[in-house]
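The structure appears right after this line, and notes come after that.
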Amino acid sequence: MSYEFILTEAQYQPHVALIRLNRPKELNALNLQLMQEIKHALLEFDQNEDVRCIIITGNERAFAAGADIKQMESRTAIDMLVIDQFETWDQIRKTKKPVIAAVSGFCLGGGCELAMTCDMIVASETAKFGQPEIKLAIMPGAGGTQRLTRAVGKALAMEMVLTGKFISADEAMEAGLINRVVPEELYLEEAVKLAKEIAQQSPVAVRLAKESVLKAFDTGLQEGLYFERKNFYMCFASEDQKEGMNAFVEKRNAVFKGR
């Protein structure tokens, strides 16, 4: 499938796919078509057995500087309801394979929400995170008040959402929003390194483990433990589990096939 606002590579690295936001003049502002393209690319990679991990990135200047305000400026509440733009975001969140955001420069508003929708975030030293919607007399609508609060806590999330304050990559790292900070020239390379490490594991176990971690945000402890236990048992139905344990006993490297 050809896209207008993103670039994709199914084998950017062995078993690692890449989605690059490609609206550089607009600082990768997220319009409806771009979000639909991301959704379709993720679905395609999710169904590709050769892909085991996915990276979403922008460019050095901006991951995404927010939503495309020109598309929303004149819309009414009913327009927004009918468009149902967040259905796309819900589909992105359902991606079964791990998704890593490789962030440099501006990661604001919808861009910050998109990064938080990913499973992990690797950032360059130049990255700036924020939810500045309040300055436009609106508020985050794609998970900003919920995922940000779960990641950094009430106090910092409240300050960022109510003032529009940006935080640096180092501050985001200290607050627990991102996984690591590296020099600008290394941020994509570092994301690839993380993706390749994940891609070496059993795809079956990775999928079940990802589901279990995400479940911790949706349920109480007891229900989460029950879900985890079921997924743990499910691992023993895979050929990969037999291969992994046999390789350990035989002191050799395991070769996982995702079965």
Let me check the size of the chain from its C-alpha atoms; what are the radius of gyration and Dmax in Å? 18.9, 66
Under 12 Å Cα-Cα from LYS251, which aspartates and glutamates qualify once same-chain neighbours fewer than 8 residues away are excluded? GLU243
Could you tell me which residue out of GLN33, GLY153, CYS112 lies farthest along the dipole of the chain toward its positive end? Charges go on the beta carbon: Lys and Arg +1, Asp and Glu -1, centred on the Cα centre. GLY153
Ordered by residue, what ³J(HN,Hα) values in Hz, to whole numbers, does region 187-196 give under the Karplus form 6.51 cos²θ - 1.76 cosθ + 1.60, where θ = phi - 60° and Gly and Pro are x? 5, 6, 4, 5, 5, 5, 4, 5, 4, 5
Farthest positive-ward along the chain dipole, Cα basis, beta-carbon charges - from ALA172, ALA127, ALA254: ALA254
Non-local amide H neighbours of ALA101 (under 5 Å, H modeled in plane, Pro and chain starts lacking H): which ones? ILE56, ASP119, MET120, ILE121, VAL122
Counting only protein heavy atoms and a 1.4 Å probe, tell me what percentage of region 104-259's accessible area is made up of carbon and sulfur. 57
Inter-probe distance in nm under a simple model that places probes 7 Å from Cα toward Cβ, at ASN22 and ARG93: 2.9
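Explain nothing, just the number: dipole magnitude of region 24-88 about its Cα centre with +1 on each Lys and Arg Cβ and -1 on each Asp and Glu Cβ, in debye rounded to the nearest 20.
On the way: 6 positive and 12 negative charges, 58 e Å.
Charge dipole of region 24-88: 280 debye, to the nearest 20.
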I need the fraction of alpha carbon pairs in region 41-160 separated by more than 25 Å, rounded to a whole percent. 26
Scan around LYS128 for amide H atoms under 5 Å from its own, H built in the peptide plane at 1.01 Å from N, and keep only partners 5 or more places away or cross-chain. GLY105, PHE106, CYS107
Just to be sure I understand the model, the point goes 7 Å from the Cα along the line to the Cβ. What's the resulting THR76 to THR219 distance in nm? 4.3
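What do you get for Rg/Rh over region 140-192 if you use C-alpha atoms and the Kirkwood form of Rh?
Numbers: Rg = 12.5 Å, Rh = 12.1 Å.
Here the Rg-to-Rh quotient is 1.03.
Grab the beta carbon distance between GLU211 and GLN146, set R0 = 22 Å, and tell me the FRET efficiency rounded to 0.05.
On the way: r = 19 Å, r/R0 = 0.86.
The value I calculate is 0.70.
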Report Rg/Rh for region 190-259, rounded to two decimals, where Rg is the Cα radius of gyration and Rh the Kirkwood radius. 1.05
In vacuo Debye sum over C-alpha of region 100-219, base-10 log of normalised intensity I(q)/I(0) at q = 0.19, 0.22 Å⁻¹, listed in q order, is -1.02, -1.24
Quick one: Karplus J couplings for region 199-207, per residue in order, coefficients 6.51, -1.76, 1.60, θ = phi - 60°, nearest Hz, x for Gly and Pro? 5, 6, 7, 5, x, 5, 5, 4, 4
Roughly what would the spin-label model give for TYR3 and ILE83, points 7 Å off Cα along C-beta, in nm? 2.0
To the nearest 10 square angstrom, what accessible area does CYS235 show with a 1.4 Å probe? 30
Got a number for the accessible area of GLU87? Probe 1.4 Å, square angstrom, nearest 10. 70
Hey, quick one: spin label on ILE69, modelled 7 Å out along Cα-Cβ, who in region 97-130 has an amide N within reach, i.e. under 15 Å? 108-111
Among the listed pairs LYS94/LYS154; LYS94/LYS242; LYS128/LYS215; LYS97/LYS196, give every one whose C-alpha distance is greater than 19 Å. LYS94/LYS154; LYS94/LYS242; LYS128/LYS215
Counting only protein heavy atoms, what percent of the accessible surface of region 1-89 is carbon or sulfur at a 1.4 Å probe? 51
Measuring from the longest principal axis of the C-alpha atoms of the chain, the long axis of helix 154-163 (C-alpha) lies at a number of degrees, nearest 10, equal to 30
Averaged per residue, what accessible area in Å² does the chain show with a 1.4 Å probe, protein chains only? 54
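Let me check I have the definition right: for region 29-84, take the eigenvalues of the Cα gyration tensor, multiply each by 5, take square roots. What are those semi-axes in whole Å, largest first?
Values: eigenvalues 153, 57, 7 Å².
The three semi-axes for region 29-84 are 28, 17, 6 Å.
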Based solely on its DSSP helices, what 222 nm [θ] is calculated for the chain when runs of n ≥ 4 H residues each add -39,500 (n - 2.57) and the sum is averaged over all residues, nearest 500 deg cm²/dmol? -14000 deg cm²/dmol
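The values are calculated or read from the model by the stated rules, or taken from the named source; none is laboratory data. These numbers come from a predicted model, not from an experiment. FYI the Cβ positions are ideal-geometry reconstructions off the backbone, even for glycines, and counts take in every protein chain you see. We work out accessible area using only protein heavy atoms, side chains counted, and drop any ligands, DNA or RNA first. Shrake-Rupley method; radii C 1.70, N 1.55, O 1.52, S 1.80 Å.
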